[in-house]
Amino acid sequence: QVQLVESGGGLVQPGGSLRLSCVSSGILFGIYTMGWYRQAPGKRRELVADISGGGTTSYVDSVKGRFTISRDNVKNTVYLQMNSLKPEDTAVYYCNGRRGSGEIRYDYWGQGTQVTVSS
């Protein structure tokens, strides 16, 4: 059974920090690209950051310099360190694991964790 379990969300003040964690099981973690997506009410889900099995990272422009994605292939865990949080970062954050592309693409999703940035 494939499972991605997220933790670390919560309520923080603007300028604060949170660290999200996602522990995976049931997949060969090391060959999957892992990512964090977020979705705010009324908006489409967007890719915030991802990291390949080899450690190559990418970020959406709005979080560059503030967020850092990392992975531990021994613990089968991907992290998202979020600093200098802004109200605009408020969303449900989803952990994603994927491999392949097109018609042979495989995707797995976590349940989502709420991040709220508010005074």
Task: Pairs with Cβ under 6 Å, 6+ apart, first in region 48-70 and more than 20 Å from SER17 (Cβ to Cβ), second of a type in the set (Ser, Thr, Tyr) - done: ASP50/THR33; ASP50/SER58; SER52/THR33
TODO: Would you mind telling me which numbered condition in (1) open to solvent by 60 Å² or more (accessible area, probe 1.4 Å); (2) more than 12 Å from the chain's Cα centre (by Cα); (3) of a type in the set (S, T, N, Q); (4) within 22 Å of GLY15 (Cα to Cα) THR90 fails?
DONE: (1)
Task: Test for ASP89: is it without any contact (Cβ under 8 Å) to a residue 24 or more places away in the chain and either of a type in the set (Asp, Glu) or under 13 Å from SER24 (Cα atoms) (or both) - done: no
- [ ] Just need a number here: residues in region 23-44 that are farther than 17 Å from GLY9 by Cα and assigned to a loop (DSSP other than H, G, I, E, B).
- [x] 7
Task: Filtered residues of region 1-22 (kept if over 14 Å from the mean Cα position of the chain (by Cα), in contact (Cβ under 8 Å) with a residue 40 or more places away in the chain and part of a strand (DSSP E or B)) - done: GLY10, LEU11, VAL12
Open item on the list: Out of the residues in region 45-79 meeting the condition of being assigned to a loop (DSSP other than H, G, I, E, B) and of a type in the set (D, E, K, R), tell me which one is least open to solvent (accessible area, probe 1.4 Å).
Closed with: ARG66
Open item on the list: So, in region 93-108, exactly how many residues are assigned to a loop (DSSP other than H, G, I, E, B) and open to solvent by less than 70 Å² (accessible area, probe 1.4 Å)?
Closed with: 1
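The values are calculated or read from the model by the stated rules, or taken from the named source; none is laboratory data. From a predicted model like this one, the values you see are computed outputs, not experimental measurements. Counting neighbours? That spans all protein chains shown, and the Cβs are built from the backbone with ideal geometry, glycine included. Each accessible area value is taken on the protein alone, full model and side chains, heavy atoms only, with ligands, DNA and RNA left out. Shrake-Rupley method; radii C 1.70, N 1.55, O 1.52, S 1.80 Å.
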